[in-house]
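The values are calculated or read from the model by the stated rules, or taken from the named source; none is laboratory data. Just so it is clear, the model here is predicted, and its values are computed rather than measured. Every residue, glycine among them, receives a Cβ derived from its backbone with ideal geometry; neighbour counts consider all protein chains shown.
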Amino acid sequence: MRRLLMVGLVAVVAAAVALVIARPWDDGATYTGRRPIPDRAGVKDCGTFVRDVRSGGITATGWTCFTTAMRGGGRPARLRLTQFTTEGDPVYLTYTTSGDGRATVVTDMRKDRFAGTQSRIQTEICQRPDPRPAARGTFLDCGSP
């Protein structure tokens with residue numbers, strides 16, 4: 001009886017692990033669970049995403065929300081992305097736009113232990129979002145503010 005219970009427990013744990021690894025609910029991007037909602041300042045929140053070995057980062061819906069606002073969609077918008085270095089350190093990107101055709105991208109590398117002596121927070125002004133689906137979160141034209 002004890003052995004049968006142990007086999008059953010192992011089977012349940014194995015099934016749970018297989019489900020977590022398969023992630024049938026995953027659309028290719030990890031969404032942090034926060035729903036995109038406007039904040040108190042009237043800035044549209046287009047989402048908070050994670051790009052890692054299991055996910056592709058920004059979803060099509062999140063990127064469309066941001067680029068629509070960027071192209072004059074009526075109000076300011078924000079989108080956040082966390083990605084990881086080869087060593088596993090988080091790098092945070094915050095995209096903001098006021099709807100004037102430009103995006104401000106702030107890259108925060110303060111948690112990157114191997115970022116070197118360069119500025120740990122970098123800001124770029126970008127235009128022309130890359131239209132390729134695999135390039136969500138990148139632009140064809142960026143420069144210093």
* To do: For residues that are more than 14 Å from Gly137 (Cα to Cα) and among the aromatic types (Phe, Trp, Tyr), scanning just the range 76-124, find the one that is farthest from the chain's Cα centre (by Cα).
  => Phe114
* Asked: Within the range 107-117, can one find any residue that is part of a strand (DSSP E or B), in contact (Cβ under 8 Å) with a residue 12 or more places away in the chain and in contact with a Ser or Thr (Cβ under 9 Å, 6 or more places away or on another chain)?
  -> yes
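Results for (1) in contact with a Cys (Cβ under 9 Å, 6 or more places away or on another chain); (2) buried (at least 19 other Cβ atoms within 10 Å of the Cβ), shown as yes or no for each residue.
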position: Thr48; (1), (2): no, yes
position: Asp52; (1), (2): no, no
position: Thr61; (1), (2): yes, no
position: Cys65; (1), (2): yes, yes
position: Gly72; (1), (2): no, no
position: Ala77; (1), (2): yes, yes
position: Leu81; (1), (2): no, yes
position: Thr85; (1), (2): no, no
* Filter result for Ala41 (surrounded by fewer than 15 Cβ atoms within 10 Å (Cβ to Cβ), at pLDDT below 90 and assigned to a helix (DSSP H, G or I)) -> no
* Structure fact -> Here the residues within the range 95-119 that are surrounded by 14 or more Cβ atoms within 10 Å (Cβ to Cβ) and out of contact with any strand residue (DSSP E or B) (no Cβ under 7 Å at 6 or more places or on another chain) are Ser98, Gly99, Ala115
* Looking only at the range 121-129, decide whether some residue is assigned to a loop (DSSP other than H, G, I, E, B) and in contact (Cβ under 8 Å) with a residue 40 or more places away in the chain. => no
